[in-house]
Amino acid sequence: MSAPARPVVRPFEDGDRPAIERMAAEVVRDGTVFPFEDVEGVLGYWFGPATRVFVACVDGDVAGSYVLKPNHPGRGAHVCNAGYMVAENRRGHGVGAALGRHSLDAARELGYRAMQFNQVVVTNTAAVALWKRLGFRILAEVPAAFRHPRLGLVGHYVMFREL
């Protein structure tokens, strides 16, 4: 049995949109990691102004995506923000890590000085562990700031790292 193919991360192309829409529907249905309650909210964030969108492909199929954008305008635009989605059937196979590493490199190339995540749900332990491995630190925990569909109100972290 051969090892699974490694994800290849590249810029978004128009033909990738259906896969991103499917992933957006998965994260909305799951309800445990994004604040958005509908697919349109996710897509508005993903394809909003000043965003750069990338996808991770495994064996030619889109397995994940991330978006990179300024966290704030003007005098705060040197700090970027990013969001990540991995297809349900590709989770736990290194796609998120490949997206995370690529996003740090892309952010540096685009001239950002730091990356900040505004809302990493505390119960999303896989993401918290990944971001810590990639050098992020928790700046704060905002208590009861996320309505988890099964656990009720849970906190979220603000995470940060310099580039």
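Readers should treat all values here as calculations from the given coordinates under stated rules, not as data from a laboratory. These figures come from a predicted structure and were not determined experimentally. Neighbour counts are summed over all protein chains in view; Cβ atoms, including those assigned to glycine, are modelled from backbone coordinates with ideal geometry.
Summary table below
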read-out	value
The stretch 1-145 - share of DSSP beta bridges that are antiparallel (%, nearest 5)	90 percent
Positive-pole candidate from Ala19, Leu68, Met159, dipole of the chain, charges at beta carbon	Met159
Packing rank of 98-104, 145-151, where each peptide gets the mean count of other beta carbons within 10 Å, highest leading	98-104, 145-151
Answer label, with Cα Rg over 2.2 N^0.38 Å calculated from the coordinates and candidates [x] 1.10; [y] 1.28; [z] 1.00	[z]
